[in-house]
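Worksheet: one structure, shown below.
The values are calculated or read from the model by the stated rules, or taken from the named source; none is laboratory data. Small disclaimer: the values here were computed from a predicted structure and weren't measured. Using ideal geometry, Cβ is built from the backbone for each residue, glycine included, and neighbour counts are taken over all protein chains shown.
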Amino acid sequence: MSSTLSERKTNLVTGAIGLLFSLGYVGFANGIEDSLLADEVGASGVPVFIGALMAVASALLLFKALMQKPAPGLLADADDTQDEDSPQNPHQLALGLLLILATYLVLLPWLGYVVSVGLLSAAVAWFAGGREAKVLFGFVLLTGPVLWFLFDFALKVKMPAGIWPTLFAG
């Protein structure tokens, strides 16, 4: 009989390790010295942001684990935890994600970053099992603009605009 740790325990361990690692990462990143040629973000800006993003993701994983009901036993049967809709072959999963990413790269020059990344995130969420239309639609509407704002305004990294400026310029 094949047994694995329950999803709750896995999320607790992964979230705790991720949180500790990300806090250490931010600590080391804050120690990076800026040179005289540094821009507004500085040499430590991107590493600190990545560490903070990892800390938020780890904290959300811990929160998710704490909201889950504990499994009846220490070990859960793998057959009970296997989702019927998930692909059995990890190569199928990787190929599906690769096709989604390739589609994103093809659409990016025409649709621009905001629309393309919104569609990418929704496609990945749907591929991962998210099927609630309202949630996916909200995800599309929020993800693209939030990430564009983060890169364009906060980090001063210009993202592709696509065909929209020429369509709306008049």
Inset, instruction - Write out, first by first residue and then by second, each pair whose Cβ atoms fall under 8 Å of each other, whose residues are 6+ apart or on separate chains, and whose first residue, in the range 114-133, is modelled with pLDDT under 90 while the second is among the charged types (D, E, K, R). - result: 129/83; 129/85
Legend entry - Looking only at the range 149-170, and only at residues there that are in a loop (DSSP other than H, G, I, E, B) and within 15 Å of residue 108 (Cα to Cα), the one that is farthest from the chain's Cα centre (by Cα): 163
Legend entry - the range 151-170 residues that are surrounded by 10 or more Cβ atoms within 10 Å (Cβ to Cβ), paired with ones that are among the polar types (S, T, N, Q) (beta carbon under 9 Å, 6 or more apart): 160/116; 162/116
Inset, instruction - Filter the range 111-148 down to residues that are part of a helix (DSSP H, G or I) and either aliphatic (A, V, I, L, M) or under 20 Å from residue 95 (Cβ atoms) (or both), then give me how many there are. - result: 21
